[in-house]
C-alpha cells in the first residue's frame, strides 16, 4: 500500500467533525503563508482528501434525512438506514 493509499484510508476512518477540524487547521496554516512549499503541497493534498470525505459524509446524511418517512399520524416513523 502506498503512502497516498494509507493517507486516504486514514481520512476515510475519520468522523465528520474530526475531518472538518483537520481541514480547518490546514486552511489556517496555508492562509498564514509561512509553510514551506513541499509541506504546502502535502497539506493541500490532505485538505482535498478531507474535503471530499466531508462532502461524502454530508451527502450520506442528507440522503438519510430525505428517507425519513411520516406515518399516517404525521409522526416521524424514523430514518431508514442508507442503502435499503
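What follows is calculated from the coordinates using simple rules that are stated; it is not laboratory data. Predicted model only: the values in this text are computed from it and were never measured. Note that each Cβ is placed from the backbone with ideal geometry, even for glycine, and that neighbours are counted across all protein chains shown.
Overview of values
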item: In nm, spacing of pseudo-spin labels at residue 43 and residue 66 (7 Å Cα→C-beta vector); result: 3.6
item: Cβ-based exposure ranking for 52, 59, in which fewest neighbours within 10 Å come first; result: 59, 52
